[in-house]
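The values are calculated or read from the model by the stated rules, or taken from the named source; none is laboratory data. What you see is a predicted model; the values in this text were computed from it and never measured. So basically every Cβ, Gly included, is an ideal-geometry build from the backbone, and we count neighbours across all protein chains shown. For accessibility, only protein heavy atoms count, side chains too; no ligands or nucleic acids. Shrake-Rupley method; radii C 1.70, N 1.55, O 1.52, S 1.80 Å.
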Amino acid sequence: MTPDTCPHCHRAVDPTDNFCRGCGRSLKPGHNFWYSHSGIILLTLVLGPFALPMVWLSKRISLAAKWIYSVVLVVLGFYFVLACYHIYQAVFAASQLFLGGGF
């Protein structure tokens, strides 16, 4: 159900409108730019695997695309955690070498 006024610009809207005639923004949740394919990709680049909730809240992308995004985001998240662990091990080994007197 669409509100009688736009939640963004507060102009009067018709109940059958999908977009505000004043500001052009969507009147339905889940239909904004962040829920489109390009918005999801941009959020993935910025937030990484934390963009996953936006994928499932989207009403603009298909179920198959949601599963593909989910698999890709989980794999990227796993790779990120693994990379952080390897960086931690390298820094720890370097600190042991320099502080442990291994010259």
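Measuring with a 1.4 angstrom probe and ignoring ligands and nucleic acids, C9 comes out at about 50 Å² accessible.
Legend: Rg and Dmax of the chain, from Cα coordinates, 22.4, 77 Å.
The packing ranking, built from the mean of other Cβ atoms within 10 Å per residue, places the peptides 46-58, 63-75 in the order 46-58, 63-75, highest first. The charge dipole of the chain, taken about its Cα centre with unit charges on the Cβ atoms of Lys, Arg (+1), Asp and Glu (-1) only, comes to about 180 debye. For the chain, calculate the relative contact order in percent as a whole number, restricting contacts to Cα pairs under 8 Å that are 6 or more residues apart. So the answer I get is 15 percent.
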